[in-house]
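The values are calculated or read from the model by the stated rules, or taken from the named source; none is laboratory data. Remember, it's a predicted structure, so these values are computed and weren't measured experimentally. Glycine gets a Cβ as well: all are built from the backbone with ideal geometry, and neighbour counts include every protein chain shown. Quick note on the areas: whole protein, heavy atoms, side chains included, nothing else; ligands and nucleic acids left out. Shrake-Rupley method; radii C 1.70, N 1.55, O 1.52, S 1.80 Å.
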Amino acid sequence: GASVEKKDSSRVGENLRFFSTLLVLGEPVWARAAAQVEGDVDVRLAALLGFPGGAAAQVDCGLRAPYRQSVEVVGEEGTITLARPFQPEEEPTVVHLRRGDEEMPIEISGTNQYVRMVEHFTACALDGLPPRFPPEEAVQNMRAIDLIRAAAGLGAPGRGPAP
């Protein structure tokens, strides 16, 4: 059986963000997407993103789908699976690393990610601590979202379909 390695979530919980634009992949260079729209709201969306070097990421989300969340990273030699990457809870979560037939679960202690973000923001504002994630990363995330919306034929939020 595989043993469970325990890690502290003080940084891990805060680092779980829009996975497809992680520094490993960079910024997407193309997207294919489809969306189901009700009024001005994309209630379901699926996208495939292409990155420099040939890597790809698949994203799907929806307001009209059963609640679920997960991330799976598939590489040439194995996979990394997270069952609850975005849920800010005090309960621990387990990251599953698999290489061939070998699996190594890593337990990450729970933390309220929202509280951690507020604490970090406060330290930046009051103590001059530099932000853990620079504003440029937020701009990259927004460019990725704009790329997905354009690929799905959606205009800017609240403005209806693209011309």
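Solvent-accessible surface of the range 48-133, taken per residue with a 1.4 Å probe and all protein chains present: 70 Å².
Percent of alpha carbon pairs in the range 70-146 separated by more than 22 Å? Within the range 70-146, distances greater than 22 Å cover 49 percent of Cα pairs.
Our estimate of slack between HIS120 and GLU136, defined as 0.36 nm per intervening residue step minus the Cα-Cα distance, is 4.0 nm. When the GluC sites (Glu not before Pro) in the range 45-154 are filtered for DSSP coil states and for at most 13 other beta-carbon atoms within 10 Å of their beta-carbon, the remaining sites are GLU76, GLU77, GLU89, GLU90.
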